[in-house]
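Participant: Before we start, here is the structure in question, set down as structure tokens.
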Amino acid sequence: MMTLPVLPPELETRAVRAGHPEYPALRSTYTTTRRPELVLRPRDEHEVAAAVRYAAASGRVLSVRSGGHGLAGTASNDGGIVIDVGALREVTVIHTPLVRIGAGARWGEVAARLAPLGLAISSGDHGNVGVGGLAVAGGVGWLTRSFGLTIDRVRAAAVVTASGEIIRVDHTQPELLWALRGAGDALGIVTSFDIDAMPLGDIGIAQVVVEADAGGDTLRRWSEHLSQAPRELTTNGLLFSQGASGFVLQLTAVVASDDQHEIRRLVQPLAQLGVRTLGLQASVAPYSALISADQLHSNVGQQPSNTTNALFPTFDAPTAKAVMDLAAHPASPFVQLRSLGGVVNDVPADATAWAHRHQQVLVVASTFPPDGGRGLDAAFAPLQEYADGAYRNFESRPHRSSLERAFPGTTGERVSEIRERLDPEGVFWRGRREFTRPEDSAAGLAS
Ligand SMILES: Cc1cc2nc3c(=O)[nH]c(=O)nc-3n(C[C@H](O)[C@H](O)[C@H](O)COP(=O)(O)OP(=O)(O)OC[C@H]3O[C@@H](n4cnc5c(N)ncnc54)[C@H](O)[C@@H]3O)c2cc1C
């Protein structure tokens with residue numbers, strides 16, 4: 001491999017290479033252990049721009065990292081360059097409720113900063129997930145049915161494009177704003193997002209555990225119930241097979257209200273959805289207790305896994321049965337069920353690059369080593385017959401077909417057109433097989 005060009009002096013102070021004391025904490029991601037040749041840690045958008053120009057000229061594979069929580073491990077690489085925007089983590093209230101958030105902040109930090117102001121932003125389910133990777137792609141979390149996806153409230157962003165230009169994307173550039181909300185990485189490196197927060201005091205948080213039947217009636221009832229339920233209610237479930245003892249559905253229900261009567265009214269029916277109730281507990285707490293800054297940690301490849309997912313308009317009887325069969329599969333996948341619908345589906349399908357606006361459920365399945373992915377694929381394949389789309393951030397092995405499920409039809413064509421217009425040389429996508437066309441392979445752009 002050719003040696004890297006000499007770094008400009010202003011970037012040399014931001015460079016981390018093997019042997020540097022911080023290299024072990026910067027080279028990897030949550031799911032993968034990697035060995036990049038160079039990690040650059042810019043402190044502002046001008047340094048990000050300089051880093052992009054340097055990486056583009058080097059011809060090396062370039063990875064972009066905000067929090068390093070991406071399941072596909074695309075935030076690092078072997079032998080290439082990583083631009084880590086983790087230093088860009090300021091959270092500033094521009095004017096209530098508009099908040100500017102550095103892409104390198106973690107969602108736990110955002111929740112902690114906004115909670116004392118009585119504000120919250122719908123994000124994911126974990127405080128350590130980075131703002132950048134989630135907010136460019138979707139954001140399905142504890143407040144999804146009440147406040148929508150994270151991208152639905154993104155109003156503007158600062159972006160460094162592949163040519164090293166800093167652009168501001170807002171309503172004056174509708175096509176770029178459309179892409180920012182669901183395919184923001186197609187524009188370049190987002191350095192900050194302007195997002196409308198929602199007024200939110202304390203919330204109801206409940207754990208509801210029920211026995212689920214193998215035939216799928218419990219899951220079908222859950223899905224029907226949620227499709228009609230008030231939007232203050234969002235539930236995320238874990239589905240476990242206990243072998244001969246049957247199945248357990250463990251729901252975390254979040255009610256976007258601190259009214260105890262309202263919390264009880266929305267949570268209690270959930271306990272009736274299963275074969276029998278195994279547990280019900282509810283409390284009132286700030287949102288920042290769920291998305292906690294206490295969850296912050298380094299990502300050092302500690303959790304290798306295979307993950308895939310699919311979206312569903314609803315769980316009819318055959319779909320619900322297929323999900324139960326997934327949970328019972330000998331590959332023992334870890335199965336998560338996440339509520340969509342509510343406010344998410346108020347947005348027209350062509351208003352953002354997340355085109356999935358009629359689905360009610362996201363199913364995510366993961367397996368862990370020693371399964372290398374075959375077990376997961378065998379377990380998940382029967383579900384695809386009922387699926388309608390996918391969320392790219394819960395895909396650990398992205399490829400062209402998973403990208404097409406996330407960006408179906410004309411949505412995918414629009415995203416590709418923007419990606420290729422802003423990054424014709426493939427600075428951000430060289431080496432990424434999901435963006436690779438046969439002609440790119442021939443030109444040596446793909447690994
Ligand atoms: C434990 C865990 C829990 C999760 N929970 C949820 C959840 O509840 N809801 C949910 O929606 N998702 C969830 N996810 C998935 C999450 O959305 C993705 O992993 C997301 O990519 C993480 O963001 P990050 O900044 O940490 O990613 P990184 O690993 O830093 O980046 C991943 C990719 O995102 C892109 N990217 C990152 N930053 C930028 C940027 N600034 N500009 C442009 N592109 C960028 C790049 O392509 C990069 O390769 C979870 C993941 C894990 C591991």
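The values are calculated or read from the model by the stated rules, or taken from the named source; none is laboratory data. The model shown is predicted, which means the values in this text are computed figures rather than measured ones. FYI the Cβ positions are ideal-geometry reconstructions off the backbone, even for glycines, and counts take in every protein chain you see. For accessibility, only protein heavy atoms count, side chains too; no ligands or nucleic acids. Shrake-Rupley method; radii C 1.70, N 1.55, O 1.52, S 1.80 Å.
Participant: Would you work out what percent of the accessible area of the chain, with all protein chains in place, is carbon or sulfur (probe 1.4 Å)?
Facilitator: Details: 9160 of 17500 Å².
On the chain, the fraction of accessible area on carbon and sulfur atoms equals 52 percent.
Participant: Return one whole number: the accessible area per residue of the stretch 367-427 in Å², for a 1.4 Å probe. Display every interim value, and only then the final one.
Facilitator: Working: 3080 Å² over 61 residues.
Normalised by residue count, the accessible surface of the stretch 367-427 is 50 Å².
Participant: Round to the nearest 0.05 the FRET efficiency obtained for T92 and Q173 when R0 = 22 Å and r is the Cβ-Cβ distance.
Facilitator: That gives a FRET efficiency of 0.45.
Participant: Using a probe radius of 1.4 Å on heavy atoms only, what accessible surface per residue do you get for the stretch 91-199? Whole Å² is fine.
Facilitator: Per residue, the stretch 91-199 has an accessible area of 27 Å².
Participant: Follow-up question, since we're still on this one. What whole-number value in Å² describes the accessible area per residue of the stretch 1-84 for a 1.4 Å probe?
Facilitator: 44 Å²
Participant: So for each of 141-148, 3-10, 20-27 I average, over its residues, the number of other beta carbons within 10 Å; can you give me the resulting order with the highest mean first? Working shown, then result.
Facilitator: Values: 141-148: 25.8, 3-10: 11.8, 20-27: 15.4.
So the peptides 141-148, 3-10, 20-27, ranked by packing, come out 141-148, 20-27, 3-10.
Participant: Hey, another quick one. So how do 90-96, 297-303, 360-366 stack up, highest first, on mean other-Cβ count within 10 Å? All intermediate terms of the calculation are to be shown ahead of the outcome.
Facilitator: On the way: 90-96: 12.4, 297-303: 15.1, 360-366: 23.0.
Order by mean packing, descending: 360-366, 297-303, 90-96.
Participant: Rank A18, A105, P8 by how far each Cα sits towards the positive end of the charge dipole of the stretch 1-125 (+1 on Lys, Arg Cβ; -1 on Asp, Glu Cβ) and give me just the farthest.
Facilitator: The Cα lying farthest towards the positive end belongs to A18.
Participant: Hey, with R₀ at 41 Å, roughly what FRET efficiency would D44 and D377 work out to, going by the Cβ-Cβ distance, to 0.05?
Facilitator: With a Förster radius of 41 Å, E is 0.45.
Participant: Points 7 angstrom from Cα along the Cβ direction at L278 and D346: gap in nanometres?
Facilitator: 3.6 nm
Participant: Something else now. Which percent of the Cα-Cα distances in the stretch 91-199 go past 25 Å?
Facilitator: Value for the stretch 91-199: 13 percent of Cα pairs lie more than 25 Å apart.
Participant: Could I ask something else about it? Along the charge dipole of the chain, which of V300, Y391, P116 sits closest to the positive end, that is, farthest toward it, with unit charges on the beta carbon of Lys, Arg, Asp and Glu (+1, +1, -1, -1)?
Facilitator: V300
Participant: For the chain, evaluate the Debye formula with one uniform point scatterer on each Cα (no solvent term) and list log10 I(q)/I(0) at q = 0.06, 0.09, 0.11, 0.14 Å⁻¹, rounded to two decimals.
Facilitator: Here log10 of I(q) over I(0) equals -0.25, -0.56, -0.85, -1.36.
Participant: What does the charge dipole of the chain about its Cα centre add up to, to the nearest 20 debye, if the Cβ of each Lys and Arg holds +1 and the Cβ of each Asp and Glu holds -1?
Facilitator: Values: 40 positive and 47 negative charges, 107 e Å.
The calculation lands at about 520 debye.
Participant: Now, a different point. FRET efficiency for L117 and L238, Cβ-Cβ distance as r, R0 = 25 Å, nearest 0.05?
Facilitator: Using R0 = 25 Å, I get an efficiency of 0.20.
Participant: Treating the beta-carbon of each Lys and Arg as +1 and of each Asp and Glu as -1, no other charges, what is the dipole magnitude of the stretch 1-140 about its Cα centre, to the nearest 20 debye?
Facilitator: That gives a dipole near 140 debye.
Participant: OK, next. How big is the dipole moment of the stretch 279-426 about its Cα centre under a simple scheme where the beta carbon of each Lys and Arg is +1, that of each Asp and Glu is -1, and everything else is neutral? Debye, nearest 20, please.
Facilitator: Computed about the Cα centre, the dipole is about 180 debye.
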